[in-house]
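Step one of this worksheet: look at the structure below.
Where a number appears in this text, it was derived from the coordinates with a stated rule and is not lab data. Note that this is a predicted model, so its numbers are computed, not measured. Virtual Cβ from ideal backbone geometry, glycine too; neighbours counted across all protein chains shown.
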Amino acid sequence: MLQPKSYPGLVGKALVLEAEPFLTLAEDDNPWVEGLFLVTCVGVLLGGAHLIGGLLWTASLPPAAAVREALLPSIQQLAALIGMGGDPSQVENFFRQVWGWGAGFVGYQGGFARLFFALLVPIGLVLQWLFLALTTHGAARLLGGQGTLVQMLGTAALAVAPQILGVLTIIPLVSVSGILLAFWALLITYRAVEITHDLSWQRSALAVLAAPILLILISFFVAALTSLVLIMGGRV
């Protein structure tokens, strides 16, 4: 059983694709437990950074009510310009309602929404980890890999290492490229497959591509199904 204090070293070495952290997790007594704990720790750290950064950003802005009242005349003028003026009180009520929903959703007028989204971060990372590990493990086994699922769950957890950069979002208006993080995570997963399943680099690369290809297929299926439902609904 690994000590949590060893996680920073494992994450740092995984970021530069060294073999040691993958071997350490693959040979652990409970690789999947270590993987779950590692992913959860990173998720909690990242969620906390998002929460604090969001609150700092909100604190730097004018009060939500003041911004709403400043925008209201412009909204009423725009509504009249495009022929939707009607009763000014209706436009005002509609704008206030939409503003309340929007400001509440992004956490502008309170921290509860931000807290909710911060709690979703570790859950989302755990689900991503499970999907990536299961998909790549299945593909690796089909390609002749010899590793076990619990080993793959352990080593694939290191793919969350690039998410550490998300801690920078604690600084207001600072963001990290999602494409960069996704590509870096795939490189780490490639090393996890290569070491866990003892595959050639070609087969390891094919196994890693299984997850994004499956996501693309699912997206196409959902889009096609949604379009079909809308078309059928329009004919009813």
- [ ] Would you please classify the overall shape of the range 114-176 from the alpha carbon gyration tensor, given that a ≥ b ≥ c denote the square roots of the eigenvalues, rounded means a/c under 1.5, and beyond that prolate means a/b larger than b/c while oblate covers the rest?
- [x] prolate
- [ ] Give me the distance between the Cα centres of the range 190-211 and the range 23-50, rounded to whole Å.
- [x] 21
Task: Most fluctuating residue given options Ile188, Ile82, Ile216, as computed from a GNM of the chain linking Cα atoms under 10 Å - done: Ile82
Open item on the list: Please give me the summed charge of the neighbours of Ala205: other residues whose Cβ is under 15 Å from its Cβ, Lys and Arg +1, Asp and Glu -1.
Closed with: 0
TODO: Please list 219-230, 157-168 highest first by mean number of surrounding beta-carbon atoms within 10 Å per residue.
DONE: 157-168, 219-230
TODO: Work out which helices of the chain, taken as complete DSSP H runs, extend at least 15 Å along their axis over the Cα atoms and score a mean Kyte-Doolittle of 0.0 or more, then list them.
DONE: 31-59, 64-81, 112-142, 178-197, 201-235
